């Protein structure tokens, strides 16, 4: 069994409120083991022996049936989350001193051309880079001063994305050990 986390898009935002108990029950019914929610239920931890792509489809199907709307789901293993944290720390991208770092989780890695187009949005306020199935978005000022918006990034990427503050990703990595 592999410890994983499902990053859910469109849960507990925009009027789509789901109770944590309801979310846990949905994951347990898939069935998945060791289910727990983490921070406002947009992140669900669990254990499974299935591949991430299969898990994403199973979760999306279950949540659409339960909630009546699509919930894009991106699954990462504990090892993948640890690798993200190591990359950020090794590259010195981490937050602090007025800088905020967000990690965008994608279903699949975009093409090199799309990655370059995303990076081209970078400026003195926002620095963006795609690495594999993650988008790193470093805001060098208050996030309210950002020149980039999530919907604009999703349109450019051509796929759904869900963003988490790096501090949350780091805390998830510690919890998943």
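Laboratory data are not the source of any read-out in this text; all were calculated from the coordinates shown. Fair warning: this is a prediction, and the values are worked out from it, not measured in the lab. Virtual Cβ from ideal backbone geometry, glycine too; neighbours counted across all protein chains shown.
The mean sequence distance of close C-alpha pairs (under 8 Å, at least 6 residues apart), as a share of the length of region 2-78, puts its relative contact order at 43 percent.
Against the chain, whose longest principal axis comes from its Cα atoms, helix 52-67 is set at around 70 degrees.
How high is the relative contact order of the chain? Use alpha-carbon pairs under 8 Å, at least six apart in sequence, and give a whole percent. Don't jump to the answer; show the numbers that get you there.
Numbers: 283 pairs, mean separation 38.6, N = 177.
Relative contact order comes out at 22 percent.
Simple spin-label estimate for residue 20 and residue 77 gives 2.8 nm between the two label positions (7 Å along the Cα-to-Cβ direction from each Cα).
What FRET efficiency comes out for the pair residue 61/residue 165, r = Cβ-Cβ distance, R0 = 25 Å, nearest 0.05? FRET efficiency, residue 61 to residue 165: 0.30.
For the chain, the alpha-carbon coordinates run over 47, 33, 29 Å along the three principal axes, in decreasing order. Compactness of region 1-70 is given as radius of gyration and Dmax, 11.1, 35 Å, from Cα positions. Computed from Cα atoms, the angle from the helix 78-91 axis to the main principal axis of the chain rounds to 10 degrees. One equal scatterer on each Cα of region 80-177, no solvent, Debye formula: the resulting log10 I(q)/I(0) at q = 0.11, 0.18, 0.21 Å⁻¹ is -0.29, -0.81, -1.10.
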